[in-house]
Amino acid sequence: MRVLLLEDEPDLGGAIARTLEREKYVVDWVTDGTAAWHYLENQWTQYTIAIFDWLVPGISGVELCQRLRQQGNSLPVLMLTAKDRMEDKITGLDAGADDYLVKPFGMGELLARLRALQRRSPQFQSQQLTVGNLTLDYANYSVSCQKDEGEKQAIALTNKEFQLLEYLMKHPNQILTSQQIRYQLWEVGADTVSNVVAAQMRLLRRKLAEFASECPIETVHGIGYRFTLP
């Protein structure tokens, strides 16, 4: 799951980003509203949720919400602000924000608000994703494999392996290029080595091969990878 965080206070932005990363989110953190809009327009990235501070350099968080809704984009948006007057809350919600969090706030409340937004989002109506004999459980971020005998066996994955498997399972039988995977699973501008996708794919395949008779991840030479259904 990928989050676009717009927050120009360095300490607060860093604290939010670290908290979200511990919760298995991929976080793109920007401090300028104009930069945030460029990220939203990037065809390579698909965000799960957005967190906008109201008052930031460039385009304000409220204007970003308005632009999204004018385009018919239903991306869930949590607005952060020091404005606590009822009139300000109404302005933010009318602009298209889905929820409103007044500073200062605790990280526990922030995470709870995000979980609530995800539950209301159509793409998160199900708490599980099952493709073939593999099931991702979003409630506890676990992965299990259905054995031929009918029993389920848990597979221990790292955060990045979980994100990679989720992305593949959401696009079964589709060829995903290394560039697509890299843009979706690593932060924009992240300092990664050129073979980071191939390296993560090898680790994931190795773990899946321990539980499945045949690994569902296929290499399409010269192009990318495909999660094949039996």
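The values are calculated or read from the model by the stated rules, or taken from the named source; none is laboratory data. Only a predicted model underlies this, so the values are computations on that prediction, with no experimental measurement involved. Backbone-built Cβ (ideal geometry, glycine too); neighbour counts: all protein chains shown.
At pLDDT 95 or above, farther than 22 Å from residue 163 by Cβ and either of a type outside the set (Lys, Arg) or in a loop (DSSP other than H, G, I, E, B) (or both): is that true of residue 105 in this structure? Walk me through it before giving the result.
Working: at pLDDT 95 or above: no; farther than 22 Å from residue 163 by Cβ: yes; either of a type outside the set (Lys, Arg) or in a loop (DSSP other than H, G, I, E, B) (or both): yes.
No; evaluated as a whole, the condition is false for this residue.
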Pair list, Cβ < 7 Å and 6+ apart or interchain, from the range 5-29 residues that are in contact (Cβ under 8 Å) with a residue 24 or more places away in the chain and closer than 16 Å to residue 58 by Cα to residues that are crowded, with 16+ Cβ neighbours inside 10 Å and of a type in the set (Gly, Ala, Ser): 5/13; 5/17; 6/33; 6/36; 6/61; 7/13; 29/13; 29/17
What's the number of the condition residue 168 fails, among (1) under 19 Å from residue 2 (Cβ atoms); (2) modelled with pLDDT under 90? (2)
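So if I check each of 78, 64, 40, which one is of a type in the set (A, V, I, L, M, F, W, C), in contact (Cβ under 8 Å) with a residue 40 or more places away in the chain and surrounded by 15 or more Cβ atoms within 10 Å (Cβ to Cβ)?
On the way: 78 fails: in contact (Cβ under 8 Å) with a residue 40 or more places away in the chain; 40 fails: in contact (Cβ under 8 Å) with a residue 40 or more places away in the chain.
Answer to the selection: 64.
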Any residue at all in the range 123-138 that's over 23 Å from residue 21 (Cα atoms), assigned to a helix (DSSP H, G or I) and among the hydroxyl-bearing types (Ser, Thr, Tyr)? no
Just to be sure before I move on: is residue 110 in a helix (DSSP H, G or I), within 16 Å of the chain's Cα centre (by Cα) and at pLDDT 90 or above in the structure I sent? yes
Any idea which of (1) outside any loop (DSSP other than H, G, I, E, B); (2) of a type in the set (A, V, I, L, M); (3) within 26 Å of residue 40 (Cβ to Cβ) is the one residue 143 doesn't satisfy? (3)
Can you pull out the residues in the range 1-37 that are of a type in the set (D, E, K, R) and more than 21 Å from residue 117 (Cα to Cα)? 8, 9, 11, 32
